[in-house]
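Student: The structure under discussion is supplied below as structure tokens; questions concerning it will follow.
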Amino acid sequence: MGAEEETNKSWPPWLKPLLQEKFFVQCKLHADSHKSECNMYCLDCTNGPLCSLCLSFHKDHQAIQIRRSSYHDVIRVSEIQKFLDITGVQTYVINSAKVVFLNERPQPRPGKGVVNTCQVCYRSLVDSFRFCSLGCKISGTSKNFEKKRKDWTNNISDSDDSYSSTTTSIERLKKNNDVLNNNSFTPSTPPLSAVNGRIVKRRKGIPHRAKDFRW
């Protein structure tokens, strides 16, 4: 059994399809209704986003509602924690409700003084959270991700050792060159101020009277 198969078994079968869906689009079955926005999802059918009218066909099924914040999909913690362990995922308070984001939101650069970031997309986090979204938790807890991160860390360490070795060689070469220069019989160049055994003084320029400036 591969690492990817083991990862898939550790999560509910509806989670990955949920994260890949595009919500808040018009329902094709109820396009004429003003409630045709697809922001619902059936965990039992996993057959795409649903509008509120579509729920009549899923009466006995478990469904969740997707919400939106700054063009990103979120879900309330009170809903998702009934079906999924969200430990380690950063929570946010939006409209007086605690929510989590569905997918990653990469950040170009962390803010100043940030000491904790998402282990997958490096977005700034607070406290001791490890991931900024459900998608990042799936990626960050997979065995493939752990292996890649371990290999990357080892490569960085090897690079540091190589750099240290190269730096030592350069310092040793520089030290040898300094010794050779000190033992050289070539006379040093006399200072420019000493010519024919006397000191040449720099001639002062002609003093100029300061002029008055007007604004």
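The values are calculated or read from the model by the stated rules, or taken from the named source; none is laboratory data. Here the structure is a predicted model, which is why all the values come from computation and not from measurement. Neighbour counts are summed over all protein chains in view; Cβ atoms, including those assigned to glycine, are modelled from backbone coordinates with ideal geometry. With ligands, DNA and RNA removed, areas are computed over all heavy atoms of the protein, side chains included. Shrake-Rupley method; radii C 1.70, N 1.55, O 1.52, S 1.80 Å.
Student: Are there any pairs, at least 6 apart or on different chains, whose C-beta atoms fall under 6 Å, with the first in the stretch 79-102 and at pLDDT 95 or above and the second part of a loop (DSSP other than H, G, I, E, B) and not aromatic (F, W, Y), and if so, which?
Tutor: Matching pairs, first to second residue: G88/R130; Q90/L125; Q90/C132; K98/T91; V100/I86; V100/T91.
Student: If you don't mind, another one. Would you check which residues across the stretch 92-114 are surrounded by 10 or more Cβ atoms within 10 Å (Cβ to Cβ) and within 11 Å of the chain's Cα centre (by Cα) and list them?
Tutor: Looking only at the stretch 92-114, we keep the residues that are surrounded by 10 or more Cβ atoms within 10 Å (Cβ to Cβ), and these are 92, 94, 97-107, 110, 114.
E104, R105, P106, Q107, P110, listed by residue number.
Student: Go through the residues of the stretch 50-70 one by one and say whether even a single one is open to solvent by 60 Å² or more (accessible area, probe 1.4 Å), within 23 Å of the chain's Cα centre (by Cα) and within 23 Å of F131 (Cα to Cα).
Tutor: Taking every residue of the stretch 50-70 in turn, at least one turns out to be open to solvent by 60 Å² or more (accessible area, probe 1.4 Å), within 23 Å of the chain's Cα centre (by Cα) and within 23 Å of F131 (Cα to Cα).
Student: Moving on to the next point. Look through the stretch 125-142, keep the residues that are hydrophobic (A, V, I, L, M, F, W, C) and in contact with a Gly (Cβ under 7 Å, 6 or more places away or on another chain), and return whichever of them is nearest to I75 (Cα to Cα). It would help to see each step written out before you state the result.
Tutor: Initially, the stretch 125-142 is screened for residues hydrophobic (A, V, I, L, M, F, W, C), giving 125-126, 129, 131-132, 134, 136, 138.
Adding the requirement that they be in contact with a Gly (Cβ under 7 Å, 6 or more places away or on another chain) leaves 129, 131.
Working: F129: 18, F131: 15 Å.
Per the stated criteria, the residue is F131.
Student: Related question: Can you give me the number of residues within the stretch 115-128 that are surrounded by fewer than 18 Cβ atoms within 10 Å (Cβ to Cβ) and either in contact with an Asp or Glu (Cβ under 8 Å, 6 or more places away or on another chain) or part of a loop (DSSP other than H, G, I, E, B) (or both)?
Tutor: So the answer is 6.
Student: Report whether or not E37 is charged (D, E, K, R), surrounded by 15 or more Cβ atoms within 10 Å (Cβ to Cβ) and modelled with pLDDT under 95.
Tutor: Working: charged (D, E, K, R): yes; surrounded by 15 or more Cβ atoms within 10 Å (Cβ to Cβ): yes; modelled with pLDDT under 95: yes.
Considered against the rule, which asks whether it is charged (D, E, K, R), surrounded by 15 or more Cβ atoms within 10 Å (Cβ to Cβ) and modelled with pLDDT under 95, E37 comes out as yes.
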